[in-house]
Amino acid sequence: MEILAEHVNYVMQELPPHVTLVAVTKTRPVELLEEAYSLGLRDFGENRVQEMCDKQPLLPADVRWHQIGHLQTNKVKYIAPFVHLIHSVDSLKLLAEINRQAAKNERVIDVLLQVYIAREESKFGLDDDEVIELLNNHETAAMQNIRICGLMGMATFTDNDLVVRNEFASLKKLFEKLRNGFFSGHEEFRWLSMGMSGDYHIAIEEGSNMVRIGTALFGER
Ligand SMILES: *Cc1c(COP(=O)(O)O)cnc(C)c1O
């Protein structure tokens with residue numbers, strides 16, 4: 001508990017006030033989430049639907065649950081009743097299903113579009129053109145039960161800070177382009193989710209306002 005408090009305080013002190021900390025709790029036992037909660041953390045990130053659904057009823061109702069990992073369309077229904085923000089929307093099909101399940105639950109679900117910025121091969125994430133295409137799609141425009149609230153991206157896993165910095169800068173550039181263009185006047189489009197334990201300092205310098213941190217808070221998984 002004391003060690004966790006030290007880590008939480010350390011990370012919190014480093015974050016500028018405009019940056020939201022999502023504590024990444026995947027693979028961690030419920031007891032640890034309870035400790036984190038008692039230290040004041042309210043935003044928890046999970047990457048597996050089953051795990052989030054197991055933990056959610058065991059924690060206080062004011063926890064904000066963030067889906068940060070790849071989300072399969074057929075799993076949306078399980079998190080739709082309670083999820084706070086889905087960071088990993090990477091297709092029209094997924095967005096449509098989130099909209100459908102949100103409507104069933106009579107709510108509006110906030111989402112981020114996941115953008116592919118890393119050099120590494122990855123199956124997940126949209127490129128800049130696909131983001132524009134998705135936004136301009138008439139089906140997207142008709143969705144009443146989702147709100148697109150920003151972008152999420154993951155940089156290449158490398159010691160080369162310049163590579164990481166450039167990737168984050170490219171995402172920030174797209175974010176600003178959309179904020180001043182497509183989403184101009186839409187206050188809800190305001191989250192740029194980038195930065196993990198190894199690269200959140202760079203991410204914040206490059207304009208992140210939401211970091212997803214696991215290891216730096218809770219130790220190695
Ligand atoms: C696991 C994970 C994180 C946190 O990683 P750490 O290195 O432990 O901080 C952040 N974002 C996503 C999408 C993850 O899957």
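The values are calculated or read from the model by the stated rules, or taken from the named source; none is laboratory data. As the structure is a computational prediction, the values presented were derived from the model and not from experiment. A quick note on method: Cβ atoms are made from the backbone with ideal geometry, for glycine too, and the neighbour counts reach across all protein chains shown. All accessible areas refer to the heavy atoms of the entire protein, side chains included, with ligands and DNA or RNA removed. Shrake-Rupley method; radii C 1.70, N 1.55, O 1.52, S 1.80 Å.
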Which pairs do you get when a residue that is more than 13 Å from Val8 (Cβ to Cβ), found in segment 202-221, comes within reach of a residue that is part of a strand (DSSP E or B) and modelled with pLDDT under 95, reach meaning Cβ atoms under 7 angstrom, with the pair 6+ apart or on two chains?
-> none
Check Tyr37 against each of (1) open to solvent by 20 Å² or more (accessible area, probe 1.4 Å); (2) touching a residue at least 24 places away in the same chain (Cβ under 8 Å); (3) in contact with a strand residue (DSSP E or B) (Cβ under 8 Å, 6 or more places away or on another chain) and name the one condition it does not meet.
-> (3)
Can you name every residue in segment 177-201 that is away from the ligand (no atom under 16 Å from the Cβ) and without any contact (Cβ under 8 Å) to a residue 24 or more places away in the chain?
-> Lys177, Arg179, Asn180, Gly181, Ser184, Gly185, His186, Glu187
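Report, by residue number, each residue of segment 144-186 that is of a type in the set (Gly, Ala, Ser) and under 27 Å from Val83 (Cα atoms).
Within segment 144-186, Gly150, Gly153, Ala155, Ser184, Gly185 qualify.
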Among the residues of segment 1-31, write down those that are within 16 Å of the ligand (Cβ to nearest atom), hydrophobic (A, V, I, L, M, F, W, C) and open to solvent by less than 40 Å² (accessible area, probe 1.4 Å).
-> Leu4, Val8, Val11, Leu15, Val19, Leu21, Val22, Ala23, Val24
Within the bounds of segment 56-64, is there any residue that is crowded, with 17+ Cβ neighbours inside 10 Å, within 16 Å of the ligand (Cβ to nearest atom) and at negative phi?
-> no
Sole miss for Gln114 among (1) under 20 Å from Asn47 (Cβ atoms); (2) loosely packed, with under 14 Cβ neighbours inside 10 Å is condition (2)
Lone unmet requirement of (1) loosely packed, with under 13 Cβ neighbours inside 10 Å; (2) within 14 Å of the ligand (Cβ to nearest atom) for Gly214 = (1)
Is one or more of the residues making up segment 126-133 away from the ligand (no atom under 16 Å from the Cβ), without any contact (Cβ under 8 Å) to a residue 60 or more places away in the chain and open to solvent by less than 30 Å² (accessible area, probe 1.4 Å)?
-> yes
State all residues of segment 76-93 that are within 17 Å of the chain's Cα centre (by Cα) and closer than 22 Å to Asp54 by Cβ; if no residue qualifies, say none.
-> Val76, Ile79, Ala80, Phe82, Val83, His84, Leu85, Ile86, His87, Ser88
Considering Glu97, Glu51, which residue is in contact with a Ser or Thr (Cβ under 6 Å, 6 or more places away or on another chain), part of a helix (DSSP H, G or I) and among the charged types (D, E, K, R)?
-> Glu97
Residue check: is Gly185 on the phi > 0 side of the Ramachandran plot, more than 17 Å from the chain's Cα centre (by Cα), among the small types (Gly, Ala, Ser) and outside any helix (DSSP H, G or I)?
-> yes
Residues of segment 144-159 being within 15 Å of the ligand (Cβ to nearest atom) and open to solvent by 10 Å² or more (accessible area, probe 1.4 Å), in sequence order, are Met154, Ala155, Thr156, Phe157, Thr158, Asp159
Val49 vs. criteria farther than 20 Å from Asp110 by Cβ and of a type in the set (Val, Ile, Thr) | no
